[in-house]
Amino acid sequence: MPASSDDLGDRRIGWLLVAYFFVRIPLVALVSRQGPNLPASYQYVEFLLYALTAAMLVVARSSLSEYRIDRLTVVIFVLFGTLLRIPSATEDGSPIDPMYYAFGPVALVLLAVILRSRSAVNRWARASWEWIPLGLLSGVGPILLAAVVRMLVSGDSSPIGGALPLSTVGLVFMFLYQMGNSAIIEEPAFRGFLWGHLEQRGWSGVRIWFFQAALFWLAHVRYIDRPFTLWVTVPVGGLLFGRISWKSRSVGPALLAHAAYNSLAAFD
């Protein structure tokens, strides 16, 4: 019996996930082997991850509800993954690397495919708006926990490494910036396509929850010289973001939680 279109599509998603995690884990580890601060060349890796995620969105455009991808996630992926990735200027006045502008064509192709398949939009996951506030608060929680623990252990009386009080404008800008970086590159893959793909393979929710968190931790081993980040905040984040996506059946709230987490972590 020939495979159905859904089975064929999920099989393609599986191969795209293999490519994604090959780039995200061993390749990123090689690029960042000198420490947690990623070099400028990492933008090429980010583009490849963005393109692979866009390919998954195209392949699964008629069945995105099976992967917890909702309209909010697609809008954020297209908008924040392009416009907010373009820097206004470089610090030393040198020309902006053309790679920053390569995200735009990928997003436009994705948008064109979506518009041609507008009937499929009705089969996307429902945006869980009631989970949005919880997602934002969940993203802030691990950072505040880290700040309190660090303060108790090191005796540093200033919250979040002395970075607070933060300016409202700076925090909002950082949140928007983070929406277009790690959040949109990682959440659709880890908490969306990976989760849905394993679910269709018969994995239980609990098993997927722990597996995606372990894979998320493995993808951040470059923080080996930051023990608290590697062994506490990253695993907690993987479990927390996974739990939000699992219970809301939507990647959107987890994406916002991830962006909120990274926004405060950037000031650490």
| message | For a quick check of your reading of the model, give me the residue pairs whose first member lies in the stretch 36-62 and is at pLDDT below 75 and surrounded by 15 or more Cβ atoms within 10 Å (Cβ to Cβ), whose second is assigned to a loop (DSSP other than H, G, I, E, B) and not β-branched (Val, Ile, Thr), with beta-carbon atoms closer than 6 Å and at least 6 apart or on different chains. | response | Leu38/Ser32
| query | Among all residue pairs at least 6 apart or on different chains, which show Cβ distances below 6 Å where the first residue, located in the stretch 249-263, is over 11 Å from Ile184 (Cβ atoms) and the second is among the basic types (Lys, Arg) and modelled with pLDDT of 90 or more? | reply | Arg249/Arg68; Ser250/Arg68; Ala254/Arg191
| field | Residue that is modelled with the lowest pLDDT [pool: residues in the stretch 63-81 that are of a type outside the set (Phe, Trp, Tyr) and not in a helix (DSSP H, G or I)] | value | Gly81
| task | State all residues of the stretch 167-180 that are in a helix (DSSP H, G or I) and either modelled with pLDDT of 95 or more or surrounded by fewer than 19 Cβ atoms within 10 Å (Cβ to Cβ) (or both); if no residue qualifies, say none. | result | Thr168, Val169, Gly170, Leu171, Val172, Phe173, Leu176, Tyr177
| query | Has the stretch 223-239 got any residue that is surrounded by fewer than 19 Cβ atoms within 10 Å (Cβ to Cβ), at pLDDT 95 or above and over 18 Å from Gly252 (Cα atoms)? | reply | no
| request: Examine the stretch 247-263 for a residue that is over 23 Å from Tyr177 (Cβ atoms), surrounded by fewer than 22 Cβ atoms within 10 Å (Cβ to Cβ) and either under 15 Å from the mean Cα position of the chain (by Cα) or polar (S, T, N, Q) (or both), and state whether such a residue exists. | output: no
| request: For the stretch 182-205, indicate whether the set of residues that are modelled with pLDDT under 90, more than 12 Å from the chain's Cα centre (by Cα), over 13 Å from Gly139 (Cβ atoms) and not in a helix (DSSP H, G or I) is non-empty. | output: no
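The values are calculated or read from the model by the stated rules, or taken from the named source; none is laboratory data. Since the model is a prediction, treat every value here as computed from it, not as a measurement. Neighbour counts run over all protein chains shown; Cβ positions are idealised from the backbone, glycine included.
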